[in-house]
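Down below is the structure, laid out as structure tokens.
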């Protein structure tokens with residue numbers, strides 16, 4: 001029975017990983033794609049705006 005207890009954790013982890021990948025793939029695109037794209041675009045624009053501001057502190 002040692003082989004069963006040695007195989008259970010990897011099998012369980014593999015099952016959860018496969019479930020995670022399936023969930024991620026299914027959630028791509030669809031009706032939420034526009035909302036996700038808008039969130040990414042706003043985050044990128046905020047990051048770019050923060051980088052473009054010149055820093056004059058301590059000069």
Answer label for percent of Cα pairs over 19 Å apart (calculated), chosen among (1) 56; (2) 18; (3) 64: (3)
Label-point separation in nm, residue 16 to residue 35, each point 7 Å along Cα→Cβ: 2.7
Ranked 36, 48, criterion: other C-beta atoms within 10 Å, fewest first: 48, 36
Residue among 21, 11, 40 with the largest mean-square fluctuation in a Gaussian network model of the chain, springs linking Cα atoms under 10 Å: 11
Sum of -39500 (n - 2.57) over DSSP H runs of 4+, divided by residues of the chain (222 nm, nearest 500): -27500 deg cm²/dmol
Residues residue 23 and residue 3, FRET efficiency given R0 of 25 Å [Cβ-Cβ distance, rounded to 0.05]: 0.25
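None of the figures in this text is laboratory data; all of them are computed from the coordinates on show. Owing to the predicted nature of the structure, the values given are computational and were not obtained by experimental measurement. Cβ: placed from backbone, ideal geometry, glycine included. Neighbour counts: every protein chain shown.
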